[in-house]
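The values are calculated or read from the model by the stated rules, or taken from the named source; none is laboratory data. The shown structure was predicted, so the numbers you read here are calculated from the model rather than taken from an experiment. Every residue, glycine among them, receives a Cβ derived from its backbone with ideal geometry; neighbour counts consider all protein chains shown.
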Amino acid sequence: MTEFDPAPESDAPQRRDQEGTDTFGRVYDVVLGITSPTAYTEIAELADCSPNAAKKHLERLVEMGIVRADSNSRPARYERNDGYLEWQEASRIATDLSLEEIIDRVEALEAQRNEYEAQFETTNPTDVSVVDHGDHDTIHDRMIAVSEWQGLTRDIRLYELARQLSQNDGHLIPA
């Protein structure tokens, strides 16, 4: 194998979910699945490609804004850019729904958020203690409620971004 081969020499079979996927696609899929900065060598192993190929594709993903790099670490570490993924999802919402549907959805989500704020007597889900309430069932119910509340907060942010995109012909601010 030369240092520029896209895949390491290996007798190991490719994982079923990687069959038919090119090296870039495998690196992209791995990056979407990681949750913390990860060395490019580990990403290469997970993507079943050479470290050089992984690094080349990771740099391309950095240029595209999909990935962030910490090139000061040795070896270089990469992580997905959640902001890019949120923008992509908001853009899809703006394309799939009318402005009125987006506004209606935001209003419904805000009403649900207001219910959680009233239930827990705070405007911030991270202020809620879930373990200070005795029995297992109550703790479990509170954990689920706080998790759903945090999801609502994210959804409101996405739909608000989608509203801005929809109102401004795909731009965040008026042209």
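Just the residues that are assigned to a helix (DSSP H, G or I), of a type in the set (Ser, Thr, Tyr) and surrounded by fewer than 17 Cβ atoms within 10 Å (Cβ to Cβ), please, taken from the range 22-60.
Within the range 22-60, Thr41 is the sole residue that qualifies.
Look at Ile173 and say whether it is touching a residue at least 12 places away in the same chain (Cβ under 8 Å) and either under 23 Å from Tyr28 (Cβ atoms) or in a loop (DSSP other than H, G, I, E, B) (or both). Against the criterion (touching a residue at least 12 places away in the same chain (Cβ under 8 Å) and either under 23 Å from Tyr28 (Cβ atoms) or in a loop (DSSP other than H, G, I, E, B) (or both)), Ile173 does not qualify. One residue stands out among those in the range 76-97 that are of a type in the set (A, V, I, L, M, F, W, C) and in a loop (DSSP other than H, G, I, E, B): the one that is surrounded by the most Cβ atoms within 10 Å (Cβ to Cβ), which is Ala76. Of all the listed residues (Glu107, Glu100, Glu63, Glu121), the sole one being loosely packed, with under 13 Cβ neighbours inside 10 Å, more than 15 Å from Thr38 (Cα to Cα), out of contact with any Lys or Arg (no Cβ under 8 Å at 6 or more places or on another chain) and assigned by TED's automatic domain parsing to the domain that holds Thr35 is Glu63. Taking (1) modelled with pLDDT of 90 or more; (2) within 30 Å of Val31 (Cα to Cα) in turn, Asn124 satisfies each apart from (2). Residues of the range 136-175 that are hydroxyl-bearing (Ser, Thr, Tyr) and either under 20 Å from the mean Cα position of the chain (by Cα) or over 21 Å from Glu101 (Cα atoms) (or both): Thr138, Ser147, Thr153, Tyr159.
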